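S.K.: Quick one: structure below, then a few questions.
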Amino acid sequence: METPHASPTTHPIPSVPPAALGRPLWIAGTAVVAALCIGLIPRWTRTQRVASQTAELSLTRVRLVHPAPPPAAPPITLSGEIRPASEAAIYARVSGYVRKWHVDLGSRVEPGQLLAELDTPDLDRQIAQAKAEVAQARAALQLAEATTRRWAEMLKSRTVSQQEAEEKAGDAQLKKAALEAALSGLQRLEEVQRFARITAPFAGTIVERRLDIGQLVAAGTDQPLFRLAETSHVRIYVRVPQNLARSVAPGQNAEVLVSELPGQAIPAKVARTAGAMDPASRTLLIELETENPEGKLLAGSYARVRLQETATDTPMALPANCLVFRSEGPQVVLRDAQGLAVFRPVTLGRDFGTWIELLSGVAPADAVVVSPPDSLAEGTLITPAAEP
């Protein structure tokens, strides 16, 4: 029996599911996108950085400052002379002999205190003579008045003439005037006699005595008997050079320094100024006052005065490197509200080295460019590099 031929076995081709095909495509696409990002993003970043840097470099950046008063200058130290607050040379008003003196060198006296007494024999004789003249004039007046009354009665009875009666009345008036003159002369001598008692005109210290008991003093001489000074309150006189005269004003604080008191600065205050320069020395005389209750400051001595403050109304100042010198004159560069550069002329004052005083042209609110570049032009957009 013939065995039938078996047909070869056929295997079916398996079908690929769609999910299996999409994964490689997704992976490939992701790889392509990643490659593009890796290549394009750095280039884009560099482009943006270059653009930013270019824009940054195209801006003009400057440092700004505001005008302000100049830095405080060091205290001014000048030479001065210490004088008492009040000083008087006491002379003899009348001539005589010193009977007694009551105060000596260094004595502290009060107003009206008796300093010395004089014997005035000549003046005493003059006063006695003046009293006698007054008595004589009074007696003559009494006689003239009595005569005038009698002649007036006689005139009523027509015993004497009108002319004779008027002469007697005029003589009485003359005698009255002579009495008044004699009284005035006596009063003058009595007033002068009071100067035989020499008294202090104000409170102070006797700094000089030039008399002794029995000494003859004459009125009108140029030699004082005493010299009185008020040293509990002293004045210091200083001559300020012309270039510093406007830096001193009444009420300004100061310190008085003397070599005999090392390390001690005695406070004082400017009381007044002369108000005009001395044409001979071109200096301004100022007067300072200070209390001296302990007598540390000796009147007549030399001192150094250190002024602590300057006068008010100080002009504005800027660093010297803010100035621009052109044919139009000195200028500064300002940054306006729109951020644009504006050139403004200024008037220069004193030169402090790193700072320049400006008398006009700027205000405290102005933003001024420091060290403006030569290429900076009017209207250029500028950006502050730091806060003013």
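The values are calculated or read from the model by the stated rules, or taken from the named source; none is laboratory data. What you see is a predicted model, and the numbers here were worked out from it, not measured in a lab. Note: ideal-geometry Cβ built from the backbone for every residue, glycine included; neighbour counts use all protein chains shown.
S.K.: Can you report the number of residues in region 126-167 which are of a type in the set (Gly, Ala, Ser), surrounded by 13 or more Cβ atoms within 10 Å (Cβ to Cβ) and more than 30 Å from Gly96 (Cα to Cα)?
M.R.: Of the residues in that region, 4 qualify.
S.K.: So, one more: Would you check if there is a residue in region 269-283 being in contact (Cβ under 8 Å) with a residue 24 or more places away in the chain and not in a strand (DSSP E or B)?
M.R.: yes
S.K.: Select from region 73-120 the residues that are farther than 25 Å from Thr290 by Cα and among the small types (Gly, Ala, Ser) and list them in ascending order.
M.R.: Ala92, Ser95, Gly96, Gly112, Ala116
S.K.: Another question, if that's okay. Look at Gly170 and say whether it is surrounded by fewer than 18 Cβ atoms within 10 Å (Cβ to Cβ) and over 21 Å from Leu114 (Cβ atoms).
M.R.: yes
S.K.: Taking only region 339-378 into account, find how many residues are surrounded by fewer than 12 Cβ atoms within 10 Å (Cβ to Cβ), over 28 Å from Asn243 (Cβ atoms) and either of a type in the set (Lys, Arg) or without any contact (Cβ under 8 Å) to a residue 40 or more places away in the chain (or both).
M.R.: 4
S.K.: For Glu230, all conditions in the list (1) in contact with a Phe, Trp or Tyr (Cβ under 8 Å, 6 or more places away or on another chain); (2) assigned to a loop (DSSP other than H, G, I, E, B) hold save one; what is the number of the exception?
M.R.: (2)
S.K.: Right, here's the next one. Identify, please: which residue in region 196-227 is of a type in the set (Gly, Ala, Ser) and part of a loop (DSSP other than H, G, I, E, B) and is, among those, farthest from Leu123 (Cα to Cα)?
M.R.: Among those that are of a type in the set (Gly, Ala, Ser) and part of a loop (DSSP other than H, G, I, E, B), it is Ala203.
S.K.: Which residue is farthest from Arg197 (Cα to Cα), if the candidates are limited to region 102-125 and must be buried (at least 19 other Cβ atoms within 10 Å of the Cβ) and not β-branched (Val, Ile, Thr)?
M.R.: Across region 102-125, the extreme among qualifying residues is Leu123.
S.K.: So Thr383 passes all but one of these: (1) touching a Phe, Trp or Tyr at 6+ places or on another chain (Cβ under 9 Å); (2) in a strand (DSSP E or B). Which condition number does it fail?
M.R.: (1)
S.K.: Something else: Answer yes or no: is there a residue in region 332-354 that is part of a strand (DSSP E or B), in contact with a helix residue (DSSP H, G or I) (Cβ under 6 Å, 6 or more places away or on another chain) and under 29 Å from Arg63 (Cβ atoms).
M.R.: Within region 332-354, one or more residues are part of a strand (DSSP E or B), in contact with a helix residue (DSSP H, G or I) (Cβ under 6 Å, 6 or more places away or on another chain) and under 29 Å from Arg63 (Cβ atoms).
S.K.: Tell me, yes or no, whether region 6-22 has at least one residue that is modelled with pLDDT of 60 or more and farther than 30 Å from Thr205 by Cβ.
M.R.: yes
S.K.: Can you tell me which condition Ala363 does not meet? The list is (1) at pLDDT below 85; (2) out of contact with any Leu (no Cβ under 8 Å at 6 or more places or on another chain), and all the others hold.
M.R.: Result: Ala363 passes all but (1).
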